[in-house]
Structures are given as structure tokens and as C-alpha cells.
Amino acid sequence: MDTSIFKNFHSSLQQLQEWKDSFGVFTTHPSLVVEDSIIQKTLRALSERLTGNYPFHHPNYAGQMLKPPHPIAALAYSITMGLNPNNHALDGGPPSSKMEKECVQALAHLFGYNDKYLGHLSSSGTIANLEALWIARCLHPSKGIAYSTEAHYTHGRMAQVLGMEAHTFQLEGERFIAKCLEALPVDSIGTLIVTMGTTGLGKVEPLSEILDWAKPRGIRIHIDAAYGGFFKTISDYLPGINVHWDRMQEADSIVIDPHKHGLQPYGCGCVLFKNPEVGVFYKHDSPYTYFSSDKLHLGEISLECSRAGAAAAAFWATLQCFPLERDNGFGPILTACRRAAIKAYDYLDKSEILNAYIAPELDIVAYFAAKINAPSSTSTISDRSKKIFHQGMNNNNASQQYYVSLYTVNSQDFSQKFPEILVDSNQVVLLRSVLMRPEQEHTIGNLLARIEEDAKALL
């Protein structure tokens, strides 16, 4: 890490302290004072306990969608947290509320929404999706939602919370999209969810074809881009046609998670609505807020009440340093992650032991250990995956450890891709690597070599 970033931290704190002191210096109440020795002991104990984590910061960690925030975001969050503004009402944090609006505008413009939209940050993608589905229910109170079998499980959960019917469909290739969708109870569907970057395999669902099918039938489109949304900055570098990314502005709502590929600490999600008139469903009053300004308060257009102003400040600071552009800021970061996935796929393609399950569309790679020309079965592959998963974490030499995740697929789907492998189980457990650290474009070969070496011992 570039420690020079921290040199500016103390000067920023001092600047903020001078502003605090301008209102008059006061003495902290004795009940809030903690002895230095206790603080030191507590923080040392905290640091010690935190070492029980997996190394989310390191390129050897290629497991789940986890990585530390950029130091800029962490420092901006810390500085702002000293004031602890609440972005519910403007009187809870005027500067951070303004920062939030600027951040949301940047995301709206990234997806092609014009200046007439409605949106705000949220504490997570789950809450952002809940809000989008709540609006869907408000607009079509007697209709449900539909989403693919690879969509995030949050949609089913939130449909249950909202008392909405939820229907699933399986996408079987872009040539058969209409056929897949026609199997749905069309008259019962008010909103159809399209995932741009599934959290399992990073698949980009065919938005363009789904739009063409749904719109003539009066079905709204909600895009869940919680994971994949920031890849819009480099959409012309991604596989397949760009039309799916180019038509995102036609969706009725979009969710994106800055705490995934946006370099932010948890929790920071965002929901956007193309039509600002949906704000009518938020209408409410409060006897003790919304008095400091006649302008729109963020709490008037969000389901959540209290929301951390520090999250908005952190994201705002990040966007000052990393604009949402292809060749500057976020673009080069995501390009490196994408290159890591391409390098991984090329490695797997040449390996005699490790096999790619499908070609990666973003930066998530799924694979398994088996000699294709040798007898093997789905249960054996699952067993190997689990052993490799545990073996990588338990190496006595920490610098030689590696961390991957597991992903379960239906054996029938697996067999269509690998018919030579005996199916003797209902599911197959694969290895999965999320390559969301740009440094991994330089280390992925070494990581896969270690996994391959461990896999050899199991064949």
C-alpha cells in the first residue's frame, strides 16, 4: 500500500478540528474519558482478533466478492465519521447530502439516465433491490416479478417480504430467450429482473432481447447490476455485443453496489429510477425533520431513514480520484480484473488437470479438477473441489496459502458441457475464483499453478 496517502490524513483531521473549535472549545465530559492504557490495550486486542480474518487484502485471496476499500475511501469515511452525519434530512448532514446527490448523478449518467431521474445511496444492494421491488409492487399491486434461476436469492426473499408472487425462468441461450420467457404467466408479471453480472458466475443476461420481449407486453424492467454495474465503464472491452450495456438506460430501475467494484467499505448500495414520478409513493411527513431547507431531502425519497453520511463522503472522495471513465479512474482497474479472468481462462484451457466450466464474461472464473480423457464422475469432482478448497487455506506457510470459493451447479447442466463425465450425483461442486483485485492480472498464473499442483495429488 502507498503509505503516502496517510500523510494527508492528519492534516485533514487538523483542518476539521479547527472548524470544530471555531464554535468554542469545551471540555469532554468525564463519563466519556477513557484512560490511554485501556485504549491501547483495547486496540491491540482488536488488531489481534482481526488477524483471524482471511487475507481479503491479498491477491492470493480469490474467493468471495470481498476486498478492502481503497485507502482514499477508508480515510474519507473515517474523517467524516468523526462528525457522524445522517443523510436522512439535509439538517442531518448538508455537505454529505450534497455529496450523495453528486455521486448518484455520476452513476445515473454512467447508465445513460438523463438529469430527470430519482435515486439515492442505500446501506446495501439488498435494500436497494427491496426498494426497487417495492416500487414495482406500488405500480402493479396485483402482479408479481420474474427473474432467472441464476439471479441473486435476494429477489425471492424480498418478494416474500413484500407479499409478491415470484416466478423464475432459465435462460438457455440468446436464440431461445423468447421461448424461455413465454413459459411465464405473462399476465401475472409486472416487473422482470435482468442481472448484469450474476454473483455466481458473473454472467451478463441478455438485456436487449428481454427488453424487446417485455416492453410490448407492458412489463417493466429492473436491472440488478449490484456486481457488474461498474463494468459499464469498459463495456466495449467485454465479450459479446455491446447492445446489452448500451440499452441499460431503457430499464425502469437499476441497482448497483459501490461496496463491491466501487472500492467502498460496507455498506454502500444505490438504487436509480428512470421516472422521477415514482417519488409519489414515498410521500410522507415528519414532525421533526425536513425544516432546514425547502429543497428535496434524501429521506423523502428513500425507504431507509438513518443512512451514514460517511458512506456518501467516502464514495464522493473516491470519484474525485477515480472517475467513471474507460481510460481513466475505474476503467483501468476493471480492465485489469478482466485481463486476470482472461489469463485464468487461457491457463485452464492449456492445463491437463484444471478445466474451465464456462468462459468468463466479467472477472469470475469457475473450474474443476479432472483429466477429461480419464474416467471421472460428478461426485468425484465435487469431492476434489472441497479438498482443494480446504487445502489451500490450511498450508502451514501463510505466503503459500490460497483462497478460493465453491460453486454448485446442476449435474444435468454440467453434463451438457462435459458429456464424457459420469453423472452420479444431483449436483456438482466447482472451484470458483473472483478476480476483483487488479493486481491479480499479474499473480493469477502463480495461484492457479499452486492449485494445479494440489489437484495432481488428488488424481
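Each residue in segment 410-437 was checked for being surrounded by 20 or more Cβ atoms within 10 Å (Cβ to Cβ) and closer than 26 Å to residue 339 by Cα, and 10 of them qualify.
Would you mind stating whether residue 352 is surrounded by fewer than 19 Cβ atoms within 10 Å (Cβ to Cβ), without any contact (Cβ under 8 Å) to a residue 60 or more places away in the chain and in contact with a Lys or Arg (Cβ under 8 Å, 6 or more places away or on another chain)? So residue 352 fits the description; yes. Among the residues of segment 1-54, which ones are without any contact (Cβ under 8 Å) to a residue 24 or more places away in the chain, hydroxyl-bearing (Ser, Thr, Tyr) and surrounded by 10 or more Cβ atoms within 10 Å (Cβ to Cβ)? Passing the criteria: only 42.
Helices (runs of 4 or more DSSP H) fully within segment 68-168 that include at least 1 residues being more than 25 Å from residue 277 (Cβ to Cβ), in contact with a Ser or Thr (Cβ under 6 Å, 6 or more places away or on another chain) and among the aliphatic types (A, V, I, L, M): 71-81. Would segment 194-203 turn up any residue that is touching a residue at least 24 places away in the same chain (Cβ under 8 Å), charged (D, E, K, R) and in contact with a helix residue (DSSP H, G or I) (Cβ under 6 Å, 6 or more places away or on another chain)? Checked against the condition, which is being touching a residue at least 24 places away in the same chain (Cβ under 8 Å), charged (D, E, K, R) and in contact with a helix residue (DSSP H, G or I) (Cβ under 6 Å, 6 or more places away or on another chain), segment 194-203 yields no hits at all. Counting only residues that are part of a loop (DSSP other than H, G, I, E, B) and of a type in the set (Phe, Trp, Tyr), segment 1-33 holds 2 of them.
Scanning segment 171-192 for residues that are among the hydrophobic types (A, V, I, L, M, F, W, C) and under 24 Å from residue 303 (Cβ atoms) turns up at least one hit.
Inspection of segment 444-454 identifies at least one residue that is surrounded by fewer than 21 Cβ atoms within 10 Å (Cβ to Cβ), within 30 Å of residue 51 (Cβ to Cβ), at pLDDT 95 or above and in contact with a strand residue (DSSP E or B) (Cβ under 7 Å, 6 or more places away or on another chain). Tally the residues that are part of a strand (DSSP E or B) and more than 24 Å from the chain's Cα centre (by Cα), restricting the search to segment 169-194. The number of residues fulfilling the criteria is 2. Of everything in segment 195-243 that is assigned to a loop (DSSP other than H, G, I, E, B) and charged (D, E, K, R), the residue that is surrounded by the most Cβ atoms within 10 Å (Cβ to Cβ) is 205. Criterion applied to 307, 247, 220 was being of a type in the set (D, E, K, R), under 24 Å from the mean Cα position of the chain (by Cα) and at pLDDT below 95, and the one residue passing it is 307. Just one of the listed residues (132, 159, 128, 226) is in contact with a Lys or Arg (Cβ under 8 Å, 6 or more places away or on another chain), of a type outside the set (Val, Ile, Thr) and under 26 Å from residue 305 (Cβ atoms), namely 226.
Here is a yes/no grid of residues against (1) crowded, with 18+ Cβ neighbours inside 10 Å; (2) at pLDDT 95 or above; (3) in a strand (DSSP E or B):
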residue: 312; (1), (2), (3): yes, yes, no
residue: 318; (1), (2), (3): yes, yes, no
residue: 331; (1), (2), (3): yes, yes, no
residue: 338; (1), (2), (3): yes, yes, no
residue: 358; (1), (2), (3): no, yes, no
residue: 371; (1), (2), (3): no, no, no
residue: 388; (1), (2), (3): yes, yes, no
residue: 392; (1), (2), (3): yes, yes, no
residue: 399; (1), (2), (3): no, no, no
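The values are calculated or read from the model by the stated rules, or taken from the named source; none is laboratory data. Just so you know, these numbers come straight off a predicted model, no measurement behind them. Glycine also receives a Cβ, built like all others from the backbone with ideal geometry; neighbour counts cover every protein chain displayed.
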